[in-house]
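Here is the structure we will look at.
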Amino acid sequence: MPTKQGSMMDLHLEYVKIKAHYEGDMLITDLDAAMTYVSLCEEVRTMCSLPRHQPITLKWIDDEGDPCTISSQMELEEAFRLYSRNRNSGLLLHVFPSIPERPGMPCPGEDTHGILNRSLCLCLWRIRHDKVEA
């Protein structure tokens with residue numbers, strides 16, 4: 001977990017490549033690594049043409065293939081910290097224009113199999129790509 005001493009300032013990143021997956025589209029941008037969670041949500045709403053007050057849920061896939069929700073500054077910093085280990089492909093965010101009924105539940109309309117299948121393809125591509133570079 002990030003601490004005050006282990007914040008984004010210690011990662012030596014200026015920008016984080018974000019790949020936002022929303023309704024079948026992949027929207028790509030570079031965002032300031034010191035961005036706040038609130039600013040990230042505003043930027044994602046703009047990228048996805050969502051109304052300003054639309055509730056959204058942001059999820060990314062960790063190294064083990066598990067979907068992880070970003071719902072706070074601390075979770076955002078953890079996602080950026082893990083991204084900094086492997087910058088070559090960008091941080092893949094899945095954007096949902098809703099919130100789950102309860103914590104830990106999928107969002108309305110969330111296709112967890114689709115998320116996991118896309119993430120599995122991405123992980124397999126990374127494995128193949130890493131072998132080619134080795």
Check your understanding: Of the residues in the stretch 78-112, how many are assigned to a helix (DSSP H, G or I) and at pLDDT 75 or above?
Key -> 8
Exercise for review: State which residue is nearest to Ile56 (Cα to Cα) when the search covers only the stretch 1-25 and only residues that are modelled with pLDDT of 70 or more and among the acidic types (Asp, Glu).
Suggested key: Glu23
Check your understanding: Out of (1) open to solvent by 70 Å² or more (accessible area, probe 1.4 Å); (2) aliphatic (A, V, I, L, M); (3) free of Cβ contacts under 8 Å to residues at least 40 places away in the same chain, what's the single condition that is false for Met74?
Key -> (3)
Revision key, fill the gap. Filtering the stretch 30-70 down to residues that are without any contact (Cβ under 8 Å) to a residue 24 or more places away in the chain, closer than 21 Å to Gly104 by Cβ and either assigned to a loop (DSSP other than H, G, I, E, B) or open to solvent by less than 30 Å² (accessible area, probe 1.4 Å) (or both) yields Cys41, Asp62, Asp63, Glu64, Asp66
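The values are calculated or read from the model by the stated rules, or taken from the named source; none is laboratory data. Please read these numbers as outputs of a predicted model, since none were measured by experiment. Positions of Cβ are generated from backbone atoms using ideal geometry, with glycine treated the same way; all protein chains shown enter the neighbour counts. Heads up: the accessible areas ignore ligands, DNA and RNA and are worked out on the full protein's heavy atoms, side chains in. Shrake-Rupley method; radii C 1.70, N 1.55, O 1.52, S 1.80 Å.
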